[in-house]
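Down below is the structure, laid out as structure tokens.
The values are calculated or read from the model by the stated rules, or taken from the named source; none is laboratory data. This one's a predicted model, so the numbers in the text were calculated from it and none came from an experiment. Glycine gets a Cβ as well: all are built from the backbone with ideal geometry, and neighbour counts include every protein chain shown. Accessible surface is based on the protein model in full, side chains and every heavy atom, while ligands, DNA and RNA are left aside. Shrake-Rupley method; radii C 1.70, N 1.55, O 1.52, S 1.80 Å.
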Amino acid sequence: MTETTYKGAINKAIVDALAADDDVFFLGEDVGAAGGAFKTSVGIQERFGERRVLDTPISEQAIVGLAIGAAMKGLRPLAEIMFADFVGVAFDQIANQLAKYRYMTGGQVKLPVTIHLASGGGAGFGAQHSQAAENWLLNIPGLKLAVPGTPADAYGLMRAAVEDDDPVLFFEHKGLFNVKEDLPEEPARVELGRAEVVREGDAVTVVATQLMRHRALEAADALAGKGIAVELIDPRTLVPFDFATIATSVDRTNHLVVVQEAPAGGSWGATLISRIAAERFEMLDAPPALVVPPDTPVPYAGALEAAWLPDAEKIAAAVEASLAY
Amino acid sequence: MNERTRPAKLSAEERAEQLELLRAMHEIRFFEHECGRLFARGEVRGTTHLCEGQEAVSVGACRALREGDSMTCTYRGHGATLAMGAPLDESFGEVFGRAPGLCGGKGGSMHLTDLRVGALGSHAIVGAHLPIANGAAFEARYRGTGAVHACFFGDGSTNIGAFHESLNLASIWKLPVVFVCENNLYGEYSPLATTTPIERLADRAAAYGMPGERIDGNRVLEVREAVAAAVERARAGEGPTLIEAMTYRQKGHSRTDPAKYRPEGELEEWLARDPILLHGKWLAEAGVEQAEIDAAEAAAREAVGEALERALAWPEPEPAALLEDVWVAS
């Protein structure tokens, strides 16, 4: 076992994916010579060369489109979009081309494209470099969305994404780069669509991903001191979504608190709550709660961003409010 | 062989080849005519964008490709898809939303695709397929297959960001792709001069360090010759070329557009330069018997008629097909 950071796990997953299959190539802005804007790809171009690891112009449409065309011809592109917010620049390629191509052609093509994006707030990057943009893509059938919260999940989901025959958007959270975990030499793949029960409990089901998973765990620790046993679940992928694991938990706890770092409208948390309300209404002892930031862009100043993002106190308060209902 | 430099006498092989180009253009013309007619009868849903008048670009360019090469095009893509060799009946079937259609009825008129013949897709977002064309060309270079990709788009596409990103990337990576701009003078309903500050779109190639050439897109041999030279250049690893083929959309933008914005006399002027007419004249001047020229037309008419009959008899997809083809494996 080797102590590995979230960032290191991503680097290792990319290296192992390239080593495993010559059809895999990696392209993006500064992923090669510079080793990536967040240094997640340090050393990769040195090892695999410029044929397989390619620096591109700042042209997100061209990056994603090239990945689509190459995938149609049988390659397995791993394309990086530096900040997830830039998904807007390539939105047509992702929403109208990547997601629909297989369907529109009656299954003639498969698109094993992985797009690697850095998302999330908390680090002072301001309104255009901090968003949890995975929520923008929920309404587009045809895209799988991975949101790893730990080094093991980052490694396992990246490997699974590259090996998957469908398009996968892999969101790494900028606030987790230095999270550490002991990983074996060959860490396991993580199946897309399989949630993890992070902590077992019988009082309240809390569902959270990425940075919010860690804050929810902090809240759960604090609540344990008060005798409240939180069951914390991390879905790990938003599409496909492991509804069954969460529903089974809610059937037992009768309480649901969902935590996310994006405003409520059109988000995965809101979708989950609507489905639980529709399918598990009689199992609930309290209204499901959604702990979210307010409906504003992500602010810059430290004090404002701290107020914007849900923290352990807000999560704990939501859990207690649910139990007190 | 250039149309403008007519050989004294065509060999039997050359004559057959030239007549085949004529037949292929007729086939597209008849196909489009039927799509227009059946749209009015309610067999075509939504809309359809006909390429009547632009057949020489589709046929000339696709005949410059070889097996293993590939092509992407726009929602005005029936001509290019057929020119690559997509079966007439399955193409009709797709336009009519029938189960045996090229895409099982899931794509429709704007998305004709036939991977069997290298027709990688017709795209309904202006310019969106140029980045994808680069990807197909990238695969050829990555695996060293020697294949080339031809990408068709309209004059309107040259004002969208994806065009510029794509030409730039194709050029710096020297991708084996030929960008074929069909300049039919109108971006949807707007004349080019109202949307574009330059008159020669081929000049845009200079900004991306690649050759740009303007050709007569209504002369099938001129198109074939220019694209063949660009294909050869691409195959040799020398990178992309932008070809601007001057042509004319004889019908409106879509089936609901009567094209009343055209100046008086413009259509007539271009009808006199109809690509099928021009190539027929060239054949006659090259000494090809009128009976053979007529036979090429008759063969196309017959093939289209038979294919149409078959496609109209085909069933619509079963409702269960709705949920198929989203994922490879769920």
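Worth a mention:
- With coordinates expressed along the principal axes, the C-alpha atoms belonging to chain B extend over 52, 51, 42 Å, beginning with the largest.
- In the stretch A:196-324, the inverse of the mean reciprocal separation of distinct Cα atoms equals 14.5 Å; this is its Kirkwood hydrodynamic radius.
- Pairs from the table (A:LYS7/A:LYS226; A:LYS100/A:LYS180; A:LYS180/A:LYS314) lying more than 30 angstrom apart at Cα are A:LYS7/A:LYS226; A:LYS100/A:LYS180.
- Estimated Rh, the stretch B:149-286: Kirkwood, alpha-carbon pairs, angstrom: 16.0
- Accessible solvent surface per residue of the stretch B:11-315, calculated while the other protein chains remain in place, 1.4 angstrom probe, Å²: 36
- Here chain A has an Rg and Dmax of 19.5, 60 Å, counting Cα atoms alone.
- Buried on assembly, the stretch A:97-136 (at least 30 Å² less accessible surface than by itself, 1.4 Å probe): A:GLN97, A:TYR101, A:ARG102, A:TYR103, A:MET104, A:THR105, A:GLY106, A:GLN108
- Isotropic mean projected area of the C-alpha convex hull, the stretch B:11-163 (nm²): 9.8
- The protein assembly as shown - charge dipole about Cα centre, Lys and Arg +1 at Cβ, Asp and Glu -1, debye rounded to 20: 560
- Estimated buried accessible area (total), pair A and B, 1.4 Å, Å² to nearest 100: 3600
- Farthest toward positive dipole pole in chain B [+1 Lys/Arg, -1 Asp/Glu at C-beta], among B:LEU308, B:GLY212, B:LEU323: B:GLY212
- Taking every residue in A:69-81 and counting other chain Cβ atoms within 10 Å of its Cβ, the average works out to 5.
- For the segment A:40-48, counting C-beta atoms of other chains within 10 Å of every residue's C-beta and taking the mean gives 0.
- Order by protection proxy (mean Cβ within 10 Å, highest first), peptides B:49-55, A:273-279, B:161-167: B:49-55, B:161-167, A:273-279
- Separation of alpha-carbon centers, the stretch B:123-188 and the stretch B:29-54, rounded to whole Å: 26
- Heavy-atom accessible area, 1.4 Å probe, ligands and nucleic acids excluded: residues of the stretch B:140-161 down by at least 20 Å² from chain alone: B:TYR142, B:ARG143
- Where the Cα pairs of the stretch A:218-269 fall when distances are cut into 5 Å bins, in %: 4, 16, 23, 24, 20, 10, 3, 0
- Rolling a 1.4 angstrom probe over chain B with all protein chains present gives an accessible area of which 52% lies on carbon and sulfur atoms.
- Positive end of the dipole of the stretch A:2-183 (Cβ unit charges, origin at the Cα centre): among A:ILE140, A:LEU183, A:ALA37, the Cα lying farthest that way belongs to A:ILE140.
- Summarising the overall dimensions of the stretch B:76-133 from its C-alpha atoms, the Rg and Dmax are 10.5, 30 angstrom.
- Shielding of peptide B:99-111 by partners, expressed as the average count of other chain Cβ atoms within 10 Å per residue Cβ, is 3.
- Rolling a 1.4 Å probe over the protein heavy atoms of the stretch A:196-324, with every protein chain left in place, gives an accessible area that is 58 percent carbon and sulfur.
- The number of Lys pairs in chain B with C-alpha atoms less than 27 Å apart, excluding pairs fewer than 8 positions apart on the same chain, is 4.
- Dimensions in Å of the protein assembly as shown - Rg and Dmax from alpha carbons: 28.2, 100
- Value at 222 nm in deg cm²/dmol, rounded to 500, when DSSP H runs of n ≥ 4 in the protein assembly as shown each add -39,500 (n - 2.57): -12000 deg cm²/dmol
- Accessible area of the stretch A:1-105 divided out per residue, in Å², using a probe of 1.4 angstrom: 31
- Normalised contact order of chain A, rounded percent, pairs of Cα under 8 Å and 6 or more residues apart: 16
- Highest GNM mean-square fluctuation among B:ARG204, B:ARG143, B:ARG66, for chain B modelled with Cα contacts below 10 Å: B:ARG143.
- From the Kirkwood radius over Cα pairs of the stretch A:2-183, Stokes-Einstein at 4 °C and 1.567 mPa s returns a whole-number translational diffusion coefficient of 81 µm²/s.
- Working from the Cα coordinates of the stretch A:111-243, the gyration tensor eigenvalues give, after taking √(5λ), semi-axes of 25, 17, 15 Å in decreasing order.
- GNM result for chain A, Cα springs below 10 Å: residue of A:LYS39, A:LYS73, A:LYS144 fluctuating most strongly: A:LYS73
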